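Encoded as structure tokens, the structure appears first; notes follow it.
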């Protein structure tokens, strides 16, 4: 008899998908995280003893290293370690731009716009 094994654990955003095999056909399989107190998903193994489960990671699960445990009622358990990376903020790059420099740039744009407008007006008068 095959031992349970995780063949894939993927994440798209906060939705996780796990595929595992080596269970008995029709066996109930439960996925828990870390200490086992939080059940993430349950499923029944197909005719080949394979389960595919999807779940949304609870907000209480913080960034860092975690272990999911996939347990079959009769076949035993297998674990898979993974890492959740923090999201929601971007790194700061570059240096801050002083307000005086921004003001100077806007003043230059305004002066350029006025110069172009005067040149167009003079050109129309000559025509």
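The values are calculated or read from the model by the stated rules, or taken from the named source; none is laboratory data. Keep in mind it's a predicted model, so treat the numbers as computed, not measured. Cβ: placed from backbone, ideal geometry, glycine included. Neighbour counts: every protein chain shown.
Table for the structure above
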| read-out | value |
| --- | --- |
| Filter pass, residue 61 being in contact with a strand residue (DSSP E or B) (Cβ under 8 Å, 6 or more places away or on another chain) and closer than 13 Å to residue 4 by Cβ | no |
| Count of the stretch 64-98 residues which are farther than 20 Å from residue 5 by Cα, in a loop (DSSP other than H, G, I, E, B) and at pLDDT 85 or above | 0 |
| Filtered residue count, the stretch 19-57, keeping only those that are over 11 Å from residue 69 (Cβ atoms) and either outside the structural domain of residue 69 (by TED's automatic domain parsing) or assigned to a strand (DSSP E or B) (or both) | 13 |
| Restricting the stretch 31-50 to residues that are modelled with pLDDT of 90 or more and under 23 Å from the mean Cα position of the chain (by Cα), the residue that is surrounded by the fewest Cβ atoms within 10 Å (Cβ to Cβ) | 39 |
| First in the stretch 109-126 and surrounded by fewer than 10 Cβ atoms within 10 Å (Cβ to Cβ), second anywhere and assigned to a helix (DSSP H, G or I), Cβ under 9 Å, 6 or more apart | none |
